[in-house]
1. So what's the angle, to the nearest 10 degrees on a 0 to 90 scale, between helix 140-149 and the longest Cα principal axis of the chain?
2. Counting alpha carbon pairs within less than 8 Å and at least 6 residues apart, what relative contact order, in whole percent, applies to the chain?
3. Skip the ligands, DNA and RNA, and give the accessible area per residue of segment 48-117 with a 1.4 Å probe, whole Å².
4. Residues in segment 58-81, backbone N under 11 Å from the label point at GLU3 (7 Å along the Cα-to-beta-carbon vector): list them, ranges by number please.
5. Provide the percentage of antiparallel DSSP beta bridges, counting only those with both residues in the chain; round to the nearest 5.
6. Taking the Cα centroid of segment 82-102 and of segment 20-35, what is the distance between the two, rounded to the nearest whole Å?
7. Can you give the calculated 222 nm mean residue ellipticity of the chain, where each DSSP H run of n ≥ 4 adds -39,500 (n - 2.57) and the sum is split over every residue, rounded to the nearest 500 deg cm²/dmol?
8. Restricting attention to segment 1-66, which trypsin sites (Lys or Arg not before Pro) occupy a DSSP loop and are surrounded by at most 10 other Cβ atoms within 10 Å?
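The values are calculated or read from the model by the stated rules, or taken from the named source; none is laboratory data. Here the structure is a predicted model, which is why all the values come from computation and not from measurement. No Cβ is skipped: glycine too gets one built from the backbone with ideal geometry, and neighbour counts run over all protein chains shown. These accessible areas exclude ligands, DNA and RNA; they are computed on the full protein's heavy atoms, side chains included. Shrake-Rupley method; radii C 1.70, N 1.55, O 1.52, S 1.80 Å.
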Amino acid sequence: MEEQVVLISENDEVIGLMEKQQAHINGLLHRAFSVFLFNSKGEMLLQKRAGSKYHSPGKWTNAVCSHPRSGETYEEGAKRRLKEELGIETDIKKKFHFIYKADVGQNLWEHELDHVFTGSYEGDFMLNPEEVAEVRYISMDALEKELAEQPQNFTEWFKIILEEYKHHL
């Protein structure tokens, strides 16, 4: 079954459904969520996208970013993807939402109303190798340095969402 995204207006009114890759080719606005997880030291969890992903393979990004399914809330989708990608369950809280558009290469666009959640997690992961190559925690200072020195190693949306996240701290 091909995965679909929920197409919306800027007011989050449902317009319809579209196959995910087609929505990214057309650059159409759709629902999304992003999860930022931190450990007790305040370090952020990063995931490296699997090399088989159809866009942005092998790039570092936040813990989880994906799309709620039709009839699923943003939070339900975020918790589902934490389990599917990282093999974990943890409490998350919504921090903010915003709309962005990012060129992710290969004539693909992320144009999303993104609901951003945060949470804490200490423990083991059961990574889904079709989604995630590896994970690591990083301090915010080290992350800033790495982003400045090697921005090509990170997803375009992560750079945008991280900047927006800083405005909401």
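1. Relative to the chain, helix 140-149 is tipped by roughly 70 degrees.
2. Relative contact order, the chain: 27 percent.
3. I get 44 Å² per residue for segment 48-117.
4. 65-69, 81
5. Antiparallel: roughly 75 percent of the beta bridges in the chain.
6. 15
7. -6000 deg cm²/dmol
8. LYS41
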